[in-house]
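Laboratory data are not the source of any read-out in this text; all were calculated from the coordinates shown. Computed from a predicted model, the values in this text were never measured in an experiment. Here Cβ is always computed from backbone atoms with ideal geometry, including for glycine, and neighbour counts include all displayed protein chains.
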Amino acid sequence: MADRFDNSLYLRHLSRMTTYVASGKVAQQIGLLVESEGPAAGLGDFCEIRAANGRAIRTQVIGFRSGKLLSMPLEETDGLQMGDRIVARSEAARVPVGPALLGRVLDGFGRPMDGGPPIDPAALYPLYAAPPGPLARPHITEPLITGIRAIDGMLPCGKGQRIGLFGGSGVGKSTLLGSMSKHNFADVSVIALIGERNREVRGFLEH
């Protein structure tokens, strides 16, 4: 007897499809602010400008003014012109999650930038969510072994604890972070390099 057909993958893709597109047009751009007539979108929603040169520029809605939509570009705006079409992306701000992300290098949109194949996430998790209540947060009772003897012996860290690492430029913050992520006893380490130079990102990955 043939195995039963598994359609869960196709259903997952179908659930992400859109059946209509709300659109508007760019009215003006001043600095990092794009003002447009439409589309119908809410605060925090993502939009996409279809520039005349063929580029697709992602933006995020940050406000409204006099019946106009105000959005912030999340990519370079080269080639943007007045009257370019801007469409609302129906999906909310969500990020891909799942085992397929292990060992991958992603950009700020969750797109692969390591030359590997496209990622098929197990699910999409909302980027914005209500924080848990103070009484719902678990107590920090277990130590987190970082693999750095000076930290583990003098300033031990706990699982679930937030840690601040401050210092001037070039003193080794990224190096220390890399050592902690490489030698700790965690099953998975998620590193977000925000505001780092390209050469520093590559050096962090290679060393």
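Compute the distribution of all C-alpha to C-alpha distances in the range 104-207, in bins of 5 Å from 0, and list the percent of pairs in each, rounded to whole numbers.
2, 8, 16, 19, 17, 19, 12, 6, 1
About its Cα centre, what dipole magnitude does the chain give when the only charges are +1 on Lys and Arg Cβ and -1 on Asp and Glu Cβ, stated in debye to the nearest 20? If you can, show how the numbers build up before the last one.
Values: 23 positive and 20 negative charges, 49 e Å.
Roughly 240 debye for the chain.
Set Lys and Arg Cβ to +1 and Asp and Glu Cβ to -1, take the dipole of the range 9-88 about its Cα centre, and tell me which of THR77, LEU43, VAL21 lies farthest positive.
My answer, from the dipole projection, is VAL21.
List the lysines whose Cα sits under 29 Å from the Cα of LYS173, skipping any in the same chain fewer than 8 residues away.
Result set, ordered by chain and number: LYS159, LYS182.
Mean-square fluctuation check for the chain, GNM, Cα pairs under 10 Å: which of PHE109, PHE185, PHE166 is largest?
PHE166
Given R₀ = 22 Å, what would the calculated FRET efficiency be for ARG137 paired with SER181, taking r from the Cβ atoms and rounding to 0.05?
On the way: r = 24 Å, r/R0 = 1.08.
E between ARG137 and SER181, to the nearest 0.05, is 0.40.
Efficiency by 1/(1 + (r/R0)^6): what FRET value for ALA130 and GLU37, r their Cβ-Cβ distance, R0 = 25 Å, to the nearest 0.05?
Given R0 = 25 Å and the Cβ-Cβ separation, E is 0.15.
Hey, got the dipole for the range 95-206? About the Cα centre, +1 on K and R Cβ, -1 on D and E Cβ, debye to the nearest 20? The partial results should precede the final answer.
Numbers: 11 positive and 9 negative charges, 49 e Å.
Charge dipole of the range 95-206: 240 debye, to the nearest 20.
Taking the Cα centre of the range 33-127 as origin, work out the dipole magnitude from +1 charges on Lys and Arg Cβ and -1 charges on Asp and Glu Cβ, in debye rounded to 20.
Numbers: 10 positive and 12 negative charges, 33 e Å.
Roughly 160 debye, rounded to the nearest 20.
Computed over the Cα atoms of the chain, what is the convex hull's projected area averaged over all directions, in nm²?
For the Cα atoms of the chain, the hull's average projected area reads 18.6 nm².
Under a plain spin-label model, where a point goes 7 Å from the Cα along Cα-to-Cβ, how far apart in nm are VAL21 and ILE194?
Rounded to a tenth, the inter-label distance reads 3.2 nm.
With each pseudo-label sitting 7 Å past Cα toward Cβ, what's the ASP152-ARG55 distance in nm, one decimal?
4.8
How big is the shadow of the Cα convex hull of the range 9-88, averaged over all directions, in nm²?
Details: hull surface 23.3 nm².
The directionally averaged projection comes out at 5.8 nm².
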